[in-house]
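Chemist: Next up is a structure, given as structure tokens.
Any read-out appearing in this document is the output of simple, stated calculations on the displayed coordinates, not a laboratory observation. Because the structure is a prediction, the values reported are computed rather than measured. For neighbour counting, all protein chains shown are included, and Cβ atoms are generated from backbone atoms with ideal geometry for every residue, glycine included.
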Amino acid sequence: MTKNQYSDEFKEQIVKECKETGNVALVARRHEIATTTIHTWLKKQRQRGSVKLARTPFDGH
């Protein structure tokens with residue numbers, strides 16, 4: 001099993017599509033993504049307002 005990397009823009013589009021349709025399973029099947037993955041994105045979006053990765057500043061030390 002491989003781990004897919006999705007762009008932040010793609011994740012935002014999937015979240016938007018789920019909200020518009022009200023059906024995570026349908027969107028997951030349409031895009032061949034696991035429902036658990038989409039639910040994770042939805043949870044992050046609710047908590048942070050975005051599915052984008054939280055970046056921490058690197059101070060070089």
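Chemist: Straight-line reach only, C-alpha to C-alpha below 16 angstrom: list the aspartates and glutamates that Lys44 could link to, leaving out same-chain residues fewer than 8 apart.
Modeler: Asp8, Glu9, Glu12, Glu17
Chemist: What ³J(HN,Hα) values, in whole Hz, does the Karplus curve 6.51 cos²θ - 1.76 cosθ + 1.60 give for region 35-48 when θ = phi - 60°, with x put for Gly and Pro?
Modeler: In residue order, the calculated couplings are 4, 5, 5, 5, 4, 4, 5, 5, 5, 5, 5, 5, 6, 9 Hz.
Chemist: Below 14 angstrom from the Cβ of Arg30, what's the summed charge of the other residues (Lys, Arg +1; Asp, Glu -1)?
Modeler: Charge balance near Arg30 sits at -1.
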